[in-house]
């Protein structure tokens, strides 16, 4: 349910509506907009029922939302959400590129790659300290040690950090270091984890699960927003299909579809989608052309020695070339690549 | 790597081999078998390398295991694993049926259904106290209150309890009440959770993820065994495909495939696979015919009022009929349905 | 649209209804039933509109059929269709097994396998004379020569022949030799071919396409019935999914689903579904347990030398064992295996 | 097998090599290249074996091709194939756009849309005279009458015609009217049809089947080339996956993958891939950005009255806008949109 109030409603009027909602056992999410104030009513029940809201001062309209998601939808918030990480704004006019190694392997590696991608124009640094691995015998990440190296790389380069959090009990620890909390594809429906990052006020990068529908992706994001953390960016990273030439099938249509249904930014991860270095740039260009707000790209200085996902990592020279291509495609769709303040 | 020792090796000889393995930074999993003692060597590294093991007393052979999984495979343990829950043995000659409501809704509901399924021949009681739901606005379960009702139902009926655990930090709490810890499909690759249940010594029912390959299912189980908990039963519950007539596509071939590759029991969940009451019995019969060790079936006394998954729940009379069919199909493949000791 | 007439309507009354339908440019499919005469009205238009039918003598009811298929559905024909091939009845109480080599390779091979499967209890002989092959460089079949060997095998064994027809212009030729015309999975939506076999009065075995939904399978069958050939049996042979352990994913739920929606018989082809000899028997048992009317099984006397699909072909001894299993599972679901009259 | 000869080999030397190949029962496909003359040897056998070829005059090298396809691969022909239709060249530097209605509905409709898309910059006219329809009761096309209207539209606008051929026996008829023969997704593995269009010398537009792998698409094209028709362009039109928000999942990675493996042009059909007008332009831009050689777009002047696929057809104003976007994206990847000679 959405309660629409006139833009110039006094705070007291808004508070009265919120109080009425809370008194009935629901939660109120107030969103002041350019034209109106929208208050979403959510709660663990099938049908929200609050009487007489329309009679309260300032209430223009009470709208029943039939979509299963409320807060991530454009009904509540028609304009795009813009998420700020340092001086980088994601979801606005500018295109944003997150780059770095799949995994933090050691101090030298992460510092060297960070400096390289910074020089080549990346805006945020990615790198995994905890790695969800299909096999228990694969390298699982440096954990807190990895976070420390990432923090050092941030200090040296100014690049804010995007890193994955894998379990509810490490959210606090990871949030101490990270600027953006990443939820990986395998955890897209780890609801306890979603709730936990929802309780922080850190931006979240939520990757689509490998067999998740768009509706399920939006509902996973809704878990985070419902906890009060509205800074969520989504990420298409390929889905699992019968086609086995590449690792996953990048679902390009997901980009305009998410843009239509939701106000949240959507990024593209062509590295995990393709698993093949030579396909990263074409899919990255395609994603920007389709309207993605940015990219997350794996870059490694020695892919042949990478502990994880070497074959899909770009070399710095490829990454530099890709940044040029992103600039051109961006211009063709009316968007500029963000220029970091030095 | 597998170290095969002669069956009559003295304990001291086995201990020396284990010590050598541990000294090199690996873990040793000793499995006394009918013919030989098998010691699996595992560790977080790509290639295990231990010199001179073959020279130790009692060592017959050192085998390199090329499959990605070690402990769940038949190389380490050729004979079927049998998991005991009370007087019920899963994975042996007998067929086992787990039944109960999708969700614990209230005390009366769970007690009533428990008594009903007990009377109709079920061997274990299922029921969700924590429910992973796609939407944050759907009923999420009664949590600890639900566990208490399950425990009461166990007391009244003698049926041991199978219930889902959704997050690492509730494993301890759920394990206090449950006899079998269930990991749901969405959490099949929640590796932190897998490790946590691996640290308990409770039997685990691990459901296949909706887009997981058989290899990934076996590797998820390997996470649990690797922590020392060898009591894992797998469960096929349908995969996600293009076919949309039913909720999921039950992968019948998964049953003989798992049986060939692994010593772990495999159950079938036709309720979640089909999402349609009228298809539960045919798929259940098929699963038994294909070699499944048992079934997990949703039964509800008032499906039209169920808070979750009503359309797929059997009525008690359907369940009774199904038990009769399972008995007949079981006989056709040389297996008896377990008869509980009253 | 269905026109229901009283069972004892005089032929003249039925003829008048048919005439009225034909006069309006539609086709009438008359089906005398145990309780009523059902006349389906079909035509190449979205909505059939015929006025005043209800006023005609003998007309009980005019029913609008909202399902996209008319003639294959149970609305028109509630009872199961039984298709007779020689003394073999498919879709009735008895289970039927079609067996033989994937491909007719030479005279000796087909005669030898035919005699073997006959001895072991098969009811019909399968064998491909035209083979649809993914690569133009693979063996494409012996064509008419192959048909002649099949005919000779029929003469020697009494087994009627099931063989694939690949293109509209060979329907006539194949129909001269074959007792059942098979449409392969890749041709399930070759509509010209469907129409052509629909014009014959030979029984048709229509295989599900590898990415066809059940609805599409039924509509493909509708193409054949619409031409007046009502002797169609369907066949589940596995669908294409992300799971790559086996060749296809056998969709076991398709069997009860087809049984619910359609009066046509449904067979199972576990050989093509699994592509792996060791999985054929478990999936075959499962299919019978789920309600399939029969099986189509590849048998080869020298699978290692087979020109096509060797790894999935059963040896005669496996086939014999499978026939025994089918008998037992059949008994468990109340069906007998057909016994051919010697 | 590939036989590489020096570029300046005399014709007699080439003829001698071809003769040797033919004498052994194989087919020879001679391809004079910029650097060398490549002769592909094909035949219906697993392994081609011709002795002493290397000893013949002009032969530089005999290369064994391990890929399952020979003629469509870049081994035989490293440079891109360019297919000429009138003054339009597909697969070269320029981008080509095919536009028109899904189905030819009547004379006025096709003439009106043809003139409109011509004005807006389309290079070829599409329109179906035979329509493969899932249901036998859906509109199946005007057949030859439709071809005549298309021919008239060509006369009036100068736009060459792309139209589908559905069965082997109509190839001759369709080829009398059409400039490009289209093979639809459902017929991608209708091998008889592929052979038949392979025998013509008309350019062929081969659409990927909805569950075909890239390898299968290339092998389907190989059927056509193997018959001597080398003018084949491929078309990605979406594959069938679990995601059901849109009709199909456009496989964007297929474009760089096909470009890497094959010299044949690849087009994109965003209309059928998405089934939703508002997603056509984003996916079209993406395809061009990923390296597609052109687009095939459904345009209708009255989509709400269209007999087929109305919801996915662009209005002329959308199409005009899209042409502008294609131009910009093309420029960003170094390609110009073809300008037809008036």
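The values are calculated or read from the model by the stated rules, or taken from the named source; none is laboratory data. What you see is a predicted model, and the numbers here were worked out from it, not measured in a lab. Positions of Cβ are generated from backbone atoms using ideal geometry, with glycine treated the same way; all protein chains shown enter the neighbour counts.
For region D:188-211, filtered to residues that are within 9 Å of chain C (Cβ to nearest Cβ) and within 23 Å of residue B:242 (Cα to Cα), the residue that is farthest from the chain's Cα centre (by Cα) is D:211. With the structure loaded, tell me whether residue B:146 is without any contact (Cβ under 8 Å) to a residue 60 or more places away in the chain and away from every other protein chain (no Cβ under 14 Å) or whether it fails that test. Here the answer is yes, as residue B:146 does meet what is asked.
Right, residue A:221: assigned to a helix (DSSP H, G or I) and away from chain B (no Cβ under 14 Å) or not? Considered against the rule, which asks whether it is assigned to a helix (DSSP H, G or I) and away from chain B (no Cβ under 14 Å), residue A:221 comes out as no.
Taking residue C:311 as meeting all but one of (1) free of Cβ contacts under 8 Å to residues at least 40 places away in the same chain; (2) out of contact with any strand residue (DSSP E or B) (no Cβ under 8 Å at 6 or more places or on another chain); (3) at the interface with chain B (Cβ under 8 Å from one of its Cβ atoms), write down the number of the exception. Exception for residue C:311: condition (3).
A count restricted to region A:253-269 and to residues that are away from every other protein chain (no Cβ under 12 Å) and surrounded by fewer than 24 Cβ atoms within 10 Å (Cβ to Cβ) stands at 1. Restricting to region B:100-137, name every residue that is out of contact with any strand residue (DSSP E or B) (no Cβ under 9 Å at 6 or more places or on another chain) and either surrounded by 24 or more Cβ atoms within 10 Å (Cβ to Cβ) or in a loop (DSSP other than H, G, I, E, B) (or both). Correct list: B:105, B:106, B:133, B:134, B:135. Taking the criterion of being over 16 Å from residue B:267 (Cα atoms), in contact with a helix residue (DSSP H, G or I) (Cβ under 6 Å, 6 or more places away or on another chain) and within 9 Å of another protein chain (Cβ to nearest Cβ), the residues of region B:225-247 that qualify are B:227, B:245, B:246. Selection over region D:251-277 of residues that are free of Cβ contacts under 8 Å to residues at least 40 places away in the same chain, farther than 30 Å from residue D:33 by Cα and part of a loop (DSSP other than H, G, I, E, B) gives a count of 3. Is it true that some residue in region B:209-224 is touching a residue at least 24 places away in the same chain (Cβ under 8 Å) and within 24 Å of residue B:105 (Cβ to Cβ)? Among the residues of region B:209-224, not one is touching a residue at least 24 places away in the same chain (Cβ under 8 Å) and within 24 Å of residue B:105 (Cβ to Cβ), which makes the answer no. When residues in region D:1-34 are screened for being part of a loop (DSSP other than H, G, I, E, B) and surrounded by fewer than 16 Cβ atoms within 10 Å (Cβ to Cβ), 7 of them pass. Number of residues in region A:309-327 that are out of contact with any helix residue (DSSP H, G or I) (no Cβ under 9 Å at 6 or more places or on another chain) and closer than 14 Å to residue A:275 by Cα equals 0. Considering region A:328-340, the residues that are surrounded by fewer than 18 Cβ atoms within 10 Å (Cβ to Cβ) and modelled with pLDDT of 95 or more include one that is farthest from the other protein chains (Cβ to nearest Cβ), namely A:336. Only a single criterion out of (1) under 23 Å from residue B:128 (Cβ atoms); (2) in contact with a helix residue (DSSP H, G or I) (Cβ under 6 Å, 6 or more places away or on another chain); (3) part of a helix (DSSP H, G or I) is not satisfied by residue B:285, namely (1). Exactly one residue among B:151, B:178, B:185 is away from chain A (no Cβ under 14 Å) and touching a strand residue (DSSP E or B) at 6+ places or on another chain (Cβ under 6 Å), and that residue is B:178. Residue C:283 satisfies every condition listed in (1) more than 19 Å from the chain's Cα centre (by Cα); (2) crowded, with 24+ Cβ neighbours inside 10 Å; (3) within 13 Å of chain B (Cβ to nearest Cβ) except (1).
Per-residue answers, yes or no, for (1) without any contact (Cβ under 8 Å) to a residue 12 or more places away in the chain; (2) more than 20 Å from residue A:85 (Cβ to Cβ):
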{"position": "A:239", "(1), (2)": "no, yes"}
{"position": "A:242", "(1), (2)": "yes, yes"}
{"position": "A:246", "(1), (2)": "no, yes"}
{"position": "A:298", "(1), (2)": "no, no"}
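In region A:154-175, the residue that is farthest from residue A:211 (Cα to Cα) out of those that are under 19 Å from the mean Cα position of the chain (by Cα) and more than 14 Å from chain B (Cβ to nearest Cβ) is A:159.
Listed here are the residues, each with its yes/no results for (1) out of contact with any helix residue (DSSP H, G or I) (no Cβ under 6 Å at 6 or more places or on another chain); (2) modelled with pLDDT of 95 or more; (3) within 30 Å of residue D:323 (Cα to Cα); (4) not assigned by TED's automatic domain parsing to the domain that holds residue D:22.
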position	(1), (2), (3), (4)
D:40	yes, no, no, no
D:45	yes, no, no, no
D:48	yes, no, no, no
D:51	yes, no, no, no
D:54	yes, no, no, no
D:90	yes, yes, yes, yes
D:96	yes, yes, yes, yes
D:99	no, yes, yes, yes
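Do we have any residue at all in region C:73-83 that's outside the structural domain of residue C:142 (by TED's automatic domain parsing), exposed (fewer than 14 other Cβ atoms within 10 Å of the Cβ), in a strand (DSSP E or B) and touching a strand residue (DSSP E or B) at 6+ places or on another chain (Cβ under 9 Å)? No, region C:73-83 has no match at all.
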